[in-house]
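A.B. asks: Submitted below is the structure of interest, expressed as C-alpha coordinates.
The values are calculated or read from the model by the stated rules, or taken from the named source; none is laboratory data. These numbers come from a predicted model, not from an experiment. Here the Cβ positions follow ideal geometry from the backbone for every residue, glycine too, while neighbour counts run over all protein chains shown. With ligands, DNA and RNA removed, areas are computed over all heavy atoms of the protein, side chains included. Shrake-Rupley method; radii C 1.70, N 1.55, O 1.52, S 1.80 Å.
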Amino acid sequence: MFFYMQNIEITWRADSSYFAVSFVNNEVGRMFKIFKKEGELVYISERSQGLQYPVAWRPSGNWIAMPQILPNKSTISLFEKNGLRHREITLPFEIEEEPIQSLRWSNDSDILAVETLDPSTKKQYIYLYTIGNYHWYLKQVLTFEQTDRIAYHCWDQRIGEEKTLHILLENGRCLIYRWYFDFDRFARSGLVVVIDGAKLLFTDFSKAIPPPPMCSKEFQTDAYINAIAMIKANDGNLLLCVYEIG
(Lines give C-alpha, C1' and ligand atoms only; values in the text may rest on other atoms or scores of the structure.)
Protein backbone atom coordinates (compact mmCIF):
# COMPACT_ATOMS: atom_id res chain seq x y z
CA MET A 1 0.00 0.00 0.00
CA PHE A 2 1.33 3.41 -0.89
CA PHE A 3 0.55 6.71 0.77
CA TYR A 4 -0.15 9.55 -1.67
CA MET A 5 0.09 13.14 -0.54
CA GLN A 6 -2.62 15.37 -1.97
CA ASN A 7 -0.21 18.06 -3.16
CA ILE A 8 -0.57 19.34 -6.72
CA GLU A 9 2.53 20.78 -8.36
CA ILE A 10 3.24 22.36 -11.73
CA THR A 11 6.67 22.34 -13.37
CA TRP A 12 7.59 24.13 -16.60
CA ARG A 13 10.11 23.12 -19.21
CA ALA A 14 12.87 25.72 -19.40
CA ASP A 15 11.75 27.09 -22.79
CA SER A 16 8.17 27.55 -21.43
CA SER A 17 6.68 25.57 -24.33
CA TYR A 18 5.28 22.83 -22.08
CA PHE A 19 4.35 22.31 -18.46
CA ALA A 20 3.58 19.21 -16.38
CA VAL A 21 0.93 18.93 -13.67
CA SER A 22 1.40 16.31 -10.94
CA PHE A 23 -1.78 15.27 -9.13
CA VAL A 24 -3.52 12.30 -7.48
CA ASN A 25 -6.01 10.28 -9.52
CA ASN A 26 -8.43 8.41 -7.25
CA GLU A 27 -8.19 5.26 -9.38
CA VAL A 28 -4.49 4.98 -10.24
CA GLY A 29 -2.74 7.15 -7.64
CA ARG A 30 -0.30 9.94 -8.44
CA MET A 31 0.34 10.71 -12.09
CA PHE A 32 1.08 13.72 -14.28
CA LYS A 33 -0.15 15.29 -17.50
CA ILE A 34 1.80 17.32 -20.06
CA PHE A 35 0.24 20.44 -21.56
CA LYS A 36 1.35 22.92 -24.19
CA LYS A 37 1.73 26.48 -22.93
CA GLU A 38 -1.66 27.30 -24.48
CA GLY A 39 -3.26 24.66 -22.21
CA GLU A 40 -3.67 21.86 -24.78
CA LEU A 41 -3.22 18.37 -23.27
CA VAL A 42 -0.61 16.41 -25.23
CA TYR A 43 0.60 13.51 -23.06
CA ILE A 44 -0.47 11.51 -19.99
CA SER A 45 2.07 9.63 -17.88
CA GLU A 46 2.08 5.84 -17.97
CA ARG A 47 0.51 4.11 -14.97
CA SER A 48 3.21 3.86 -12.29
CA GLN A 49 2.67 2.72 -8.71
CA GLY A 50 4.20 4.60 -5.81
CA LEU A 51 4.79 8.01 -7.41
CA GLN A 52 5.22 10.77 -4.84
CA TYR A 53 5.16 14.55 -4.66
CA PRO A 54 7.05 16.66 -5.94
CA VAL A 55 7.96 16.93 -9.65
CA ALA A 56 10.74 18.79 -11.50
CA TRP A 57 11.40 19.15 -15.25
CA ARG A 58 15.08 19.13 -16.16
CA PRO A 59 15.93 22.45 -17.87
CA SER A 60 17.47 20.63 -20.85
CA GLY A 61 13.98 19.21 -21.41
CA ASN A 62 14.72 15.50 -21.64
CA TRP A 63 13.56 14.23 -18.21
CA ILE A 64 10.82 14.86 -15.68
CA ALA A 65 11.89 13.77 -12.19
CA MET A 66 9.50 12.36 -9.58
CA PRO A 67 10.11 10.33 -6.38
CA GLN A 68 8.80 6.77 -6.53
CA ILE A 69 8.42 4.08 -3.86
CA LEU A 70 8.94 0.62 -5.35
CA PRO A 71 8.54 -2.72 -3.53
CA ASN A 72 12.26 -3.10 -2.83
CA LYS A 73 13.73 0.40 -3.17
CA SER A 74 13.11 4.15 -3.26
CA THR A 75 14.03 6.07 -6.39
CA ILE A 76 13.86 9.32 -8.30
CA SER A 77 12.19 8.16 -11.48
CA LEU A 78 12.93 10.00 -14.73
CA PHE A 79 10.18 10.25 -17.32
CA GLU A 80 10.36 11.40 -20.92
CA LYS A 81 8.11 14.17 -22.24
CA ASN A 82 5.70 11.55 -23.61
CA GLY A 83 5.09 10.29 -20.06
CA LEU A 84 7.07 7.05 -20.38
CA ARG A 85 9.44 6.05 -17.58
CA HIS A 86 13.02 6.15 -18.89
CA ARG A 87 15.45 5.47 -16.02
CA GLU A 88 15.90 6.02 -12.29
CA ILE A 89 18.20 7.22 -9.52
CA THR A 90 18.30 4.69 -6.68
CA LEU A 91 18.25 6.53 -3.35
CA PRO A 92 20.34 5.54 -0.29
CA PHE A 93 17.34 6.01 2.02
CA GLU A 94 13.68 5.00 2.19
CA ILE A 95 11.21 7.71 1.21
CA GLU A 96 8.72 6.52 3.85
CA GLU A 97 11.35 7.19 6.56
CA GLU A 98 12.80 10.35 5.00
CA PRO A 99 10.15 12.07 2.88
CA ILE A 100 11.29 14.20 -0.06
CA GLN A 101 10.29 17.85 0.25
CA SER A 102 11.50 19.22 -3.10
CA LEU A 103 13.44 18.46 -6.27
CA ARG A 104 15.39 21.23 -8.00
CA TRP A 105 17.65 21.04 -11.06
CA SER A 106 20.51 23.47 -11.53
CA ASN A 107 19.83 25.79 -14.46
CA ASP A 108 22.47 24.03 -16.60
CA SER A 109 20.87 20.60 -15.83
CA ASP A 110 24.11 19.26 -14.32
CA ILE A 111 23.02 18.91 -10.68
CA LEU A 112 19.82 17.59 -9.10
CA ALA A 113 19.18 18.74 -5.52
CA VAL A 114 16.94 16.42 -3.48
CA GLU A 115 15.68 18.00 -0.24
CA THR A 116 14.43 15.64 2.49
CA LEU A 117 13.21 15.77 6.08
CA ASP A 118 13.81 13.13 8.76
CA PRO A 119 10.67 13.30 10.97
CA SER A 120 12.36 11.50 13.87
CA THR A 121 15.34 13.87 14.23
CA LYS A 122 13.83 16.93 12.46
CA LYS A 123 17.04 17.17 10.43
CA GLN A 124 16.89 18.30 6.81
CA TYR A 125 19.17 17.09 4.06
CA ILE A 126 20.01 18.18 0.53
CA TYR A 127 21.43 15.38 -1.65
CA LEU A 128 23.36 16.56 -4.71
CA TYR A 129 23.49 14.24 -7.71
CA THR A 130 25.41 14.49 -10.97
CA ILE A 131 25.44 12.11 -13.93
CA GLY A 132 28.36 10.65 -15.84
CA ASN A 133 28.27 7.86 -18.42
CA TYR A 134 24.64 7.07 -17.47
CA HIS A 135 25.50 6.68 -13.78
CA TRP A 136 24.18 9.03 -11.09
CA TYR A 137 26.85 9.97 -8.53
CA LEU A 138 25.88 11.25 -5.08
CA LYS A 139 28.51 13.98 -4.71
CA GLN A 140 27.54 15.74 -1.46
CA VAL A 141 24.96 15.63 1.32
CA LEU A 142 24.28 18.90 3.14
CA THR A 143 22.87 18.44 6.67
CA PHE A 144 20.79 21.02 8.52
CA GLU A 145 19.93 20.68 12.22
CA GLN A 146 16.54 21.58 13.67
CA THR A 147 17.92 24.99 14.69
CA ASP A 148 18.89 25.68 11.06
CA ARG A 149 15.70 24.72 9.26
CA ILE A 150 15.50 25.49 5.54
CA ALA A 151 12.84 28.03 4.60
CA TYR A 152 13.63 28.07 0.86
CA HIS A 153 16.43 27.25 -1.54
CA CYS A 154 17.00 27.83 -5.25
CA TRP A 155 19.67 27.64 -7.92
CA ASP A 156 21.21 30.81 -9.33
CA GLN A 157 19.86 31.82 -12.74
CA ARG A 158 22.79 33.99 -13.81
CA ILE A 159 25.04 32.87 -16.65
CA GLY A 160 28.23 31.43 -15.20
CA GLU A 161 26.65 30.92 -11.76
CA GLU A 162 24.42 27.94 -12.60
CA LYS A 163 26.13 25.76 -9.97
CA THR A 164 25.50 28.27 -7.16
CA LEU A 165 22.86 27.25 -4.60
CA HIS A 166 21.17 29.84 -2.38
CA ILE A 167 19.63 28.60 0.89
CA LEU A 168 17.50 30.78 3.17
CA LEU A 169 17.07 29.48 6.73
CA GLU A 170 14.11 30.17 8.99
CA ASN A 171 16.42 31.96 11.45
CA GLY A 172 17.22 34.55 8.78
CA ARG A 173 20.65 33.27 7.72
CA CYS A 174 21.38 33.06 4.00
CA LEU A 175 23.90 30.45 2.81
CA ILE A 176 25.55 30.39 -0.62
CA TYR A 177 27.23 27.25 -1.97
CA ARG A 178 29.25 27.27 -5.18
CA TRP A 179 30.53 24.17 -6.95
CA TYR A 180 32.82 23.65 -9.92
CA PHE A 181 33.51 20.55 -11.97
CA ASP A 182 37.20 19.72 -11.59
CA PHE A 183 39.36 16.70 -10.90
CA ASP A 184 42.59 16.14 -9.06
CA ARG A 185 45.03 13.26 -9.09
CA PHE A 186 47.84 11.99 -6.94
CA ALA A 187 51.08 13.78 -7.87
CA ARG A 188 53.07 12.17 -10.70
CA SER A 189 50.69 9.23 -11.02
CA GLY A 190 47.47 8.35 -12.74
CA LEU A 191 45.52 7.67 -9.54
CA VAL A 192 42.09 9.34 -9.54
CA VAL A 193 39.50 9.09 -6.75
CA VAL A 194 35.77 9.72 -7.30
CA ILE A 195 33.11 10.34 -4.62
CA ASP A 196 29.87 8.40 -4.89
CA GLY A 197 27.80 8.70 -1.73
CA ALA A 198 29.51 6.69 1.01
CA LYS A 199 31.99 5.15 -1.44
CA LEU A 200 35.29 6.22 -2.93
CA LEU A 201 36.05 4.86 -6.38
CA PHE A 202 39.78 4.40 -7.09
CA THR A 203 41.29 4.04 -10.56
CA ASP A 204 44.97 4.17 -11.51
CA PHE A 205 44.80 5.23 -15.16
CA SER A 206 48.50 4.49 -15.62
CA LYS A 207 47.65 0.77 -15.25
CA ALA A 208 44.09 0.41 -16.52
CA ILE A 209 41.34 2.49 -18.13
CA PRO A 210 37.99 1.04 -17.04
CA PRO A 211 35.00 3.04 -18.29
CA PRO A 212 33.14 4.89 -15.51
CA PRO A 213 31.31 4.07 -13.31
CA MET A 214 33.57 1.01 -13.23
CA CYS A 215 36.76 1.42 -11.23
CA SER A 216 39.80 -0.52 -10.03
CA LYS A 217 38.94 -0.52 -6.31
CA GLU A 218 36.20 0.71 -3.98
CA PHE A 219 36.43 2.00 -0.41
CA GLN A 220 33.18 1.88 1.58
CA THR A 221 32.62 4.18 4.59
CA ASP A 222 29.89 4.42 7.20
CA ALA A 223 28.85 7.97 6.27
CA TYR A 224 28.41 10.13 3.19
CA ILE A 225 31.67 11.55 1.85
CA ASN A 226 31.58 15.24 0.99
CA ALA A 227 35.25 15.95 0.21
CA ILE A 228 38.63 14.27 -0.01
CA ALA A 229 42.24 15.40 -0.15
CA MET A 230 45.20 13.41 -1.48
CA ILE A 231 48.48 14.28 0.20
CA LYS A 232 51.96 12.93 -0.48
CA ALA A 233 53.72 11.81 2.71
CA ASN A 234 57.47 12.21 3.30
CA ASP A 235 58.05 8.57 2.39
CA GLY A 236 56.25 9.06 -0.90
CA ASN A 237 53.14 7.14 0.08
CA LEU A 238 49.60 8.42 -0.35
CA LEU A 239 47.68 9.89 2.56
CA LEU A 240 43.97 10.14 1.90
CA CYS A 241 41.89 12.53 4.01
CA VAL A 242 38.13 11.96 3.95
CA TYR A 243 35.71 14.64 5.09
CA GLU A 244 32.14 14.44 6.29
CA ILE A 245 30.78 17.99 6.31
CA GLY A 246 27.49 18.83 8.00
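A.B. asks: Just to verify a result, which residue in region 102-111, among those that are of a type outside the set (Gly, Ala, Ser) and buried (at least 16 other Cβ atoms within 10 Å of the Cβ), is farthest from the chain's Cα centre (by Cα)?
C.D. replies: So the residue we want is Asn107.
A.B. asks: Could you list, in sequence order, the residues of region 82-99 that are open to solvent by 10 Å² or more (accessible area, probe 1.4 Å) and either closer than 28 Å to Phe181 by Cα or under 11 Å from the mean Cα position of the chain (by Cα) (or both)?
C.D. replies: Passing the criteria: His86, Arg87, Glu88, Thr90, Leu91, Pro92, Phe93.
A.B. asks: I've got another one for you. Can you list the strands (runs of 3 or more DSSP E) found entirely within region 165-246 that contain at least 1 residues being at pLDDT below 85 and surrounded by fewer than 11 Cβ atoms within 10 Å (Cβ to Cβ)?
C.D. replies: 238-243
A.B. asks: Related question: So, in region 134-187, exactly how many residues are more than 18 Å from the chain's Cα centre (by Cα) and among the aromatic types (Phe, Trp, Tyr)?
C.D. replies: 2
A.B. asks: Tell me whether region 99-110 contains one or more residues that are closer than 19 Å to Gln124 by Cα and either of a type in the set (Lys, Arg) or outside any strand (DSSP E or B) (or both).
C.D. replies: Within region 99-110, one or more residues are closer than 19 Å to Gln124 by Cα and either of a type in the set (Lys, Arg) or outside any strand (DSSP E or B) (or both).
A.B. asks: In addition: Just to be sure before I move on: is Asp118 touching a Lys or Arg at 6+ places or on another chain (Cβ under 8 Å) and charged (D, E, K, R) in the structure I sent?
C.D. replies: no
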